[in-house]
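Nothing in this text is a laboratory measurement; each read-out follows from the coordinates by a stated rule. This one's a predicted model, so the numbers in the text were calculated from it and none came from an experiment. For neighbour counting, all protein chains shown are included, and Cβ atoms are generated from backbone atoms with ideal geometry for every residue, glycine included.
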Amino acid sequence: MPHTLDSTRPTFSDAIEQRINQSEARVIKAVFPSITNHHNTLFGGEALAWMDETAFIAATRFCRKTLVTVSSDRIDFKKPIPAGTLAELIARVIHVGNTSLKVEVNIFVEDMYQDHREHAIRGVFTFVAVDEQRHPTQVWTAE
Ligand SMILES: CCCCCCCCCCCCCCCC(=O)SCCNC(=O)CCNC(=O)[C@H](O)C(C)(C)COP(=O)(O)OP(=O)(O)OC[C@H]1O[C@@H](n2cnc3c(N)ncnc32)[C@H](O)[C@@H]1OP(=O)(O)O
């Protein structure tokens, strides 16, 4: 049965909850001018690549299986991420299906010289576990 963090559906079992906590991925990047756009803020495509990679790390740590990205849901760019700031990505599994799982990724922008941090970008990525023939295979088998 699929497991999700949606309050209208069953909650995660203790084993999955523990696995999710263990597999959360955090990556911090310095935003150099070489990866910014003509507004001097982080190029959106760069942010998407970072998000896919960080989501992939969390998903892989969760299941330790071969995964491919099958979909990315709506990505919300709430705040620009200027050159010269720090960007922290936090990826966490939020849904465990039969062969797929969903990972939420949030990016926080942090000033280098002040204790100021804001939520900037959110997105959800779906990965499918595949076998040697690249066919979907069960993503979670520990229960
Ligand atoms: C050598 C060193 C290596 C190092 C490595 C490290 C690299 C560090 C960088 C990492 C960077 C990031 C990691 C990127 C990883 C790629 O870049 S992967 C490349 C891009 N992705 C692909 O090429 C995938 C192409 N698609 C496919 O091959 C097939 O569609 C798939 C994924 C095998 C699925 O096959 P299918 O027949 O459509 O499967 P189907 O049975 O219909 O559905 C399977 C599941 O997927 C779900 N699903 C299917 N379509 C969708 C959809 N559009 N939306 C949501 N769910 C969907 C279904 O609901 C189902 O879920 P469950 O109910 O079973 O949980």
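Only Lys, Arg, Asp and Glu carry charge here, each on its Cβ (+1 for the first two, -1 for the last two); on that basis the chain has a dipole of about 160 debye about its Cα centre. In plain terms, the residue of I20, I90 with the fewest other Cβ atoms within 10 Å comes first and the most crowded comes last, giving I90, I20.
Counting every other Cβ atom within 10 Å of each residue's Cβ, L67, L86 order from fewest to most as L86, L67. To the nearest ten degrees, helix 44-63 and the longest principal axis of the Cα atoms of the chain are 30 degrees apart.
Counting every other Cβ atom within 10 Å of each residue's Cβ, F127, F32, F12 order from fewest to most as F32, F12, F127. Distance distribution note for the chain: the fraction of Cα pairs above 25 angstrom is 32%.
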